[in-house]
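Notes to accompany the following structure.
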Amino acid sequence: MTQSTVLIVDDNPENLTVLGESLCDRYQVRAANSGARALQLAAQQPVPDLILLDIMMPAMNGYEVLQRLRAAPETRDVPVIFTTAMGAVEDEQRGLELGAVDYIAKPLHPAIVLARVQTHLELKRARDLLRRDKAALEAEIGRRMHENQVIQDVTIRALARLAETRDNETGNHILRTQEYVLVLARRARARPRFAAELDERSIALIAKSAPLHDIGKVGIPDHILLKPGKLNAEEWAVMKTHAQLGAAAIERAVQDMHEPVDFLAYACQIALRHHERWDGSGYPGGLAGEDIPLAARLMALADVFDALISRRVYKAPMPLPEVREVLARERGRHFDPELLDVFLEGFEEFCDIARRYPAEPAAQASAAALA
C-alpha cells in the first residue's frame, strides 16, 4: 500500500522536528515553515492526505491558510488538523467552523499526534472509498438508465413499425411525425397559453409517445387498410375504430404493469384523440376545442401535414405551397387556431424535417415533390 502523505506546517523548527520524527516512520512527510510555503507544497502532486497546520504564524496565519486550501478545488477535501498553543474555546470553534477536522494543543506529544493522524487518515480513506463507490454507483445507474431508455425507445419504435408494415407506403412517417411533434411542442411552449402544459419533460414524453399514434391499425383488416381506392361508409366506420383499438391496447399494457407509466398516458391520449377536430366534427368522440388533449392536438397537425406531403396509392404528394393553404383553411375547424399559427410560423422547419426523412418506397419522387 502506498504511504500516505502528511504535510506539517509550523514556523517553529523544534515543532517541525517533533512532528517529523513522530510521523516519518509511517508516512511520507513534507514540511513548511510558513503559510505561503504550505500552500505551494499542498498544491504539489500527490496532494497531501492530511495537513497538520500551526495557527500562529507570521505573514499568513493558519486560519488564512485553511481558507485558501478550502477555496482551491484540488485541496478543498484535504483534512486539516490545527496545532496551536491557543487554548481559548473561541479559537478552537473558529478553526472548526473554517473546516478543520481536529485540534491538537501544544506542547505536542508524539503519541497523541500519531494517534490523531492515524484516526483522521483512516476516516479520509473511508470517505474516499465512499466517494469512489458513489461515483461508480452513479455511473452504473446512469448506464443502466440509458440502456433502459434505449430499450424503451426501440420497443416503441418496433411497435410503431409493426403497425406501419400493415400500410407499407407510409415510409418514414413515424420518424417525421415524431420530429414534427417535438418541434411544434417546443415552439408552442413560447406561447403563454401552452407554457404550463409544455415543460421540457412533458414535451419529451409527448414526443416519445407520438410513434404509437396509429398502433391500432394492426387491428384493421387488410382489405380495408390496404384498399387502393376510396373507402365506402361501412369500411370507413371500421377504419375509424383504429383509434379505440390503439388506445385500448395501450391501456391494457399499462394495466399489466400495475403502475402508471407517464409517457403511455400521453400515448393513450394521442392514439385515441388525434383524429378529433377543433370544431367537434372528428372521431371517435366528437370532442371539440380544449376538450381535446393538447398532445392529441399536436399530433393531429403533424399527422395531417405528413399525410398531405406524402405519396399514397390513391394520391400524389401535394406541393408545399398548396399544403400550407390547405392547413390555413382548417384554422378553427380541424386544428387549434393558435397551434396552427405556431405551425405555420415554423413551416419551413417542418418542411426541412420532411426532406431529412423521405418516404422509403418512393424516396426520389417524394424528395422531388418537396424540393
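The values are calculated or read from the model by the stated rules, or taken from the named source; none is laboratory data. Model, not experiment: these values are computed from the prediction. Methodologically, a virtual Cβ is constructed for each residue, glycine included, from the backbone with ideal geometry; neighbour enumeration extends over all protein chains shown.
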* **Any hit, the range 292-305, residues being surrounded by 15 or more Cβ atoms within 10 Å (Cβ to Cβ), within 30 Å of E348 (Cα to Cα) and of a type in the set (D, E, K, R)** => yes
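Listed here are the residues, each with its yes/no results for (1) within 25 Å of R176 (Cα to Cα); (2) surrounded by 13 or more Cβ atoms within 10 Å (Cβ to Cβ).
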site: D199; (1), (2): yes, no
site: K208; (1), (2): yes, yes
site: A233; (1), (2): no, no
site: V238; (1), (2): no, yes
site: Q255; (1), (2): no, no
site: F263; (1), (2): yes, yes
* Filter result for R324 (at pLDDT below 95 and either more than 27 Å from L225 (Cα to Cα) or among the charged types (D, E, K, R) (or both)) -> no
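Quick grid of which residues meet (1) part of a helix (DSSP H, G or I); (2) out of contact with any strand residue (DSSP E or B) (no Cβ under 9 Å at 6 or more places or on another chain); (3) surrounded by 21 or more Cβ atoms within 10 Å (Cβ to Cβ):
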| position | (1), (2), (3) |
| --- | --- |
| P48 | no, no, yes |
| I51 | no, no, yes |
| P58 | no, yes, no |
| E64 | yes, yes, no |
| Q67 | yes, yes, no |
| R70 | yes, no, no |
* Asked: Would you call D77 surrounded by fewer than 16 Cβ atoms within 10 Å (Cβ to Cβ) and acidic (D, E)?
  -> yes
* Asked: Quick check, is P337 in the same structural domain as I250 (by TED's automatic domain parsing), loosely packed, with under 15 Cβ neighbours inside 10 Å, over 23 Å from L205 (Cα atoms) and not polar (S, T, N, Q)?
  -> yes
* To do: Test each condition in (1) of a type in the set (G, A, S); (2) surrounded by 15 or more Cβ atoms within 10 Å (Cβ to Cβ); (3) under 24 Å from the mean Cα position of the chain (by Cα) for A249 and report the one that comes out false.
  => (3)
* Conditions: (1) at pLDDT below 90; (2) under 19 Å from E122 (Cβ atoms). L23 meets all but one. Number of the miss? -> (1)
* Residues of the range 210-238 being of a type in the set (A, V, I, L, M) and within 16 Å of R273 (Cβ to Cβ), which ones? -> A210, L212, I215
* Asked: Any chance the range 313-320 includes a residue that's farther than 19 Å from Q178 by Cα and in a helix (DSSP H, G or I)?
  -> yes
* Asked: Of everything in the range 8-38 that's touching a residue at least 60 places away in the same chain (Cβ under 8 Å), buried (at least 16 other Cβ atoms within 10 Å of the Cβ) and not in a loop (DSSP other than H, G, I, E, B), which residue is nearest to the chain's Cα centre (by Cα)?
  -> L23
* Output the residues belonging to the range 340-361 that are modelled with pLDDT of 95 or more and either over 30 Å from the mean Cα position of the chain (by Cα) or surrounded by fewer than 13 Cβ atoms within 10 Å (Cβ to Cβ) (or both). => E345, E348
* Which numbered condition W278 fails, given (1) among the aromatic types (F, W, Y); (2) surrounded by 17 or more Cβ atoms within 10 Å (Cβ to Cβ); (3) out of contact with any Gly (no Cβ under 9 Å at 6 or more places or on another chain) -> (3)
* **Candidate set from the range 261-284 (those that are of a type outside the set (A, V, I, L, M) and part of a helix (DSSP H, G or I)); member that is farthest from the chain's Cα centre (by Cα)** => R273
